[in-house]
Amino acid sequence: MRADGDPAMIVRMPEHLDVAPADAQPLPPAQALTRAPAPTPAVIPGRTLGIVAFALSFLALVNVVALVLGLVALLQSRRVGRGNGFAIAAIVIASAGILIGLLILSLIVPTLVDAAQTCARLGDGVHEVGTSTYTCTPTSFNVMRRLG
């Protein structure tokens with residue numbers, strides 16, 4: 001108990017820690033005040049490439065590039081036994097973008113081919129076929145569909 005009546009815990013240093021070894025030399029003042037540098041984080045191979053692939057995966061025109069970069073980044077990370085979330089996300093997003101693009105192309109290309117063949121069959125000018133109006137010129141065509 002302290003003199004003011006407040007109970008306090010007294011902690012004593014073990015005696016074997018109080019004594020410096022006989023051959024111990026004191027550190028110079030400059031070395032005693034310096035700190036060791038903070039450890040740098042471990043470099044994960046493929047991490048930067050994974051981040052680049054992730055950013056590119058949102059751009060429709062470079063989805064294939066993003067997919068390839070994501071795969072390379074993932075392989076680099078796996079070789080050293082590390083994961084790479086950015087690379088995995090890039091692979092998933094780029095793959096989905098490629099699939100959606102292929103789906104859209106599979107719907108648009110046949111429609112354009114049919115319109116071009118119809119204009120080739122009908123010749124130049126404005127033609128009414130069913131509910132559609134074809135405007136055909138030697139270099140282009142336009143198809144307007146009437147609703148109802």
What's log10 of I(q)/I(0) for segment 47-145 at q = 0.13, 0.14, 0.22 Å⁻¹, Debye sum over Cα points only, no solvent?
-> -0.59, -0.61, -0.94
Interchain or sequence-distant (5+) residues whose placed amide H lies within less than 5 Å of the amide H of THR133 are MET144, ARG145, ARG146
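FYI, it's all coordinate maths here, none of it is from the lab. All figures in this text were calculated on a predicted structure; none of them were measured in a lab.
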